[in-house]
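Below is one structure, written out as structure tokens, with a few remarks after it.
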Amino acid sequence: MKDNRQSFEQTLLQGWEDVYRKSQLTLWLLLSLKEGPKHVAQIKSFIGDATNGLVASDEQSIYRALRRYHKVELVGYKEVPGSSGPARKEYYLTDVGLRVLNSFVKRNIIDTLFRPDIQVLIYKDKTK
Amino acid sequence: MTKSSWNVLLLDKKLLLVPLLAFLASLAVFIPYFGIIFLSYDMAPSGDGSHESGGILEYLMIPFWLSLYLVLGFISTFSTAVVIDNALKRFAGQPHSLKGSFRAAWAKKGSLAAFSVLSTTIGLVLGFIEERIPFGGKVVAWLVSASWTIATLFAIPAILHSKEYIGPFDATKQSIATIKKVWGEGVVSQLAISLIAGITMITLGFAYFAVFVGSLIALDPLHYTYAIMPVTTLFFAVLIGLSIIFNTLIMIARAALYHFAVTGEAPSTFDSELLRSTMTPKKARKLFS
């Protein structure tokens, strides 16, 4: 019985996390570039590391996202000669991207999840 | 260059007003002229069925027709100058407005009028050669016309660019010097737009012809007349609209080439500006999904 309940809850959690993670790529990608300019492989590594492996993205998805964001000037890139091999694109956050990211984080994370009363709620492990 | 021109037109749709106003102004000038000429001719048929007209009157009409050509020529040159001025200022990152461009072109009315007189005169002479000299006349006229068109591609930008009065021959010399810098790019981009325009017009013509013939076959004479009139009106309205668009595009492309020749920098494609002005919430949502 207990196993069934756990399995059910895990399935619910998995489903919720799957949807949640799909929308997280933009945030983590831009945060990785806020830390500093990166190649795609470095972006992927940062995201995996920062999210404890929960937001796992293949390089193709990251490339596709970067192409879209480059079109709207959220990110830029420059060709950097490789130490061994052809030149690679190093992506960076533009001024526009930084302002949009900071506004998003403030409105959707800092002003909500970081609110003291919400923090208390998050850390509480029982209901009233 | 062509992409820049399209983006400029998308950002500044008001530029289309200029050739439209030029067309209306030309019509406003042409109609009274035509009315006067029509009334002055003796239209009574003679015994052999031909229409007689006063012999001396024909020669007196020459300066009359000439003045019409010159006025229409100036209207065309002036409207081209307005569009090119606006585009040049945009490419140079300067403030630009239609009113400002009208003023800038008006400030150069002397040079533009002189250039327009030269262009019109050459056009008339070529027309004369084509009609009067058999066989070779058409070839000569076509060759000279093509050469003149290319040689004067940047004459109007040169006039707008100069701080003082510049005569038509000097403007043409400056134009030729500029063409040498952008020869390949210049001809190709102008040809590309003209080709697209030509193909579009021909396709439209075929479509209209198909409707015309189809209606003739399918409908009785009365219904055919009622059907074909709005279609014909629509066809000519679309044709005029497309002419205005392509004409404006060619003028902007000419300004882009001149900017490149003079500054050595290709005008920015204005993708960024266009993107910002056309971003919608729906497009933004799609971006992040």
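The values are calculated or read from the model by the stated rules, or taken from the named source; none is laboratory data. Note that this is a predicted model, so its numbers are computed, not measured. FYI the Cβ positions are ideal-geometry reconstructions off the backbone, even for glycines, and counts take in every protein chain you see. Just the protein is used for accessible areas: all its heavy atoms, side chains included, with ligands, DNA and RNA removed. Shrake-Rupley method; radii C 1.70, N 1.55, O 1.52, S 1.80 Å.
What residue, of B:Ala171, B:Ala177, B:Ala155, B:Ala151, is open to solvent by less than 80 Å² (accessible area, probe 1.4 Å) and free of Cβ contacts under 8 Å to residues at least 12 places away in the same chain? Explain how you work it out, then say what you get.
Working: B:Ala171 fails: free of Cβ contacts under 8 Å to residues at least 12 places away in the same chain; B:Ala155 fails: free of Cβ contacts under 8 Å to residues at least 12 places away in the same chain; B:Ala151 fails: free of Cβ contacts under 8 Å to residues at least 12 places away in the same chain.
Among B:Ala171, B:Ala177, B:Ala155, B:Ala151, only B:Ala177 is open to solvent by less than 80 Å² (accessible area, probe 1.4 Å) and free of Cβ contacts under 8 Å to residues at least 12 places away in the same chain.
Sort through A:Tyr77, A:Tyr69 and tell me the only one that's touching a residue at least 24 places away in the same chain (Cβ under 8 Å), among the aromatic types (Phe, Trp, Tyr) and touching a helix residue (DSSP H, G or I) at 6+ places or on another chain (Cβ under 9 Å). Spell out the reasoning first.
Numbers: A:Tyr77 fails: touching a residue at least 24 places away in the same chain (Cβ under 8 Å).
One residue alone meets the criteria, A:Tyr69.
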field: Residue check for B:Lys138: open to solvent by 40 Å² or more (accessible area, probe 1.4 Å), within 20 Å of B:Ala256 (Cβ to Cβ) and among the charged types (D, E, K, R)
entry: no
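I'd like the full set of residues that are on the phi < 0 side of the Ramachandran plot and over 20 Å from the mean Cα position of the chain (by Cα), limited to the range B:67-98.
Keep residues of the range B:67-98 that are on the phi < 0 side of the Ramachandran plot, which gives B:67-92, B:94-98.
Matches in the range B:67-98: B:Lys89, B:Arg90, B:Phe91, B:Ala92, B:Gln94, B:Pro95, B:His96, B:Ser97.
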query: For the range B:40-52, does any single residue satisfy the condition of being in contact with a helix residue (DSSP H, G or I) (Cβ under 8 Å, 6 or more places away or on another chain) and either among the hydroxyl-bearing types (Ser, Thr, Tyr) or modelled with pLDDT of 90 or more (or both)?
result: yes
- request: Would you mind stating whether A:Gly82 is within 14 Å of another protein chain (Cβ to nearest Cβ) and either touching a Lys or Arg at 6+ places or on another chain (Cβ under 8 Å) or in contact (Cβ under 8 Å) with a residue 40 or more places away in the chain (or both)?
  value: no
- request: Go through the range B:200-289 and tell me which helices (runs of 4 or more DSSP H), entirely inside it, have 2 or more residues that are under 30 Å from B:Ala158 (Cβ atoms) and within 14 Å of chain A (Cβ to nearest Cβ).
  value: B:271-278
task: Read through the list (1) within 14 Å of chain B (Cβ to nearest Cβ); (2) within 21 Å of B:Glu273 (Cα to Cα); (3) touching a residue at least 24 places away in the same chain (Cβ under 8 Å), then give the number of the only condition that A:Leu98 fails.
output: (1)
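Within the range A:41-70, restricting attention to residues that are of a type in the set (A, V, I, L, M) and open to solvent by less than 80 Å² (accessible area, probe 1.4 Å), which residue is nearest to the other protein chains (Cβ to nearest Cβ)?
Residues of the range A:41-70 of a type in the set (A, V, I, L, M): A:41, A:43, A:47, A:50, A:54-56, A:62, A:65-66.
Now restrict to residues that are open to solvent by less than 80 Å² (accessible area, probe 1.4 Å): A:41, A:43, A:47, A:50, A:55, A:62, A:65-66.
Details: A:Ala41: 23, A:Ile43: 17, A:Ile47: 16, A:Ala50: 19, A:Val55: 15, A:Ile62: 14, A:Ala65: 9, A:Leu66: 12 Å.
Looking at residues that are of a type in the set (A, V, I, L, M) and open to solvent by less than 80 Å² (accessible area, probe 1.4 Å), I get A:Ala65.
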task: Could you pull out every one of the helices (runs of 4 or more DSSP H) wholly within the range B:96-164 that has 1 or more residues that are charged (D, E, K, R)?
output: B:98-107, B:109-132, B:136-151
- request: Consider A:Gly36 carefully, then state whether it is open to solvent by less than 20 Å² (accessible area, probe 1.4 Å) and out of contact with any helix residue (DSSP H, G or I) (no Cβ under 8 Å at 6 or more places or on another chain).
  value: yes
query: If you go through the range A:12-37 one residue at a time, how many are under 18 Å from A:Asp49 (Cβ atoms) and away from chain B (no Cβ under 12 Å)?
result: 10
query: Within the range A:71-87, is even one residue surrounded by 11 or more Cβ atoms within 10 Å (Cβ to Cβ), closer than 22 Å to A:Glu17 by Cα, of a type in the set (A, V, I, L, M) and modelled with pLDDT under 95?
result: no
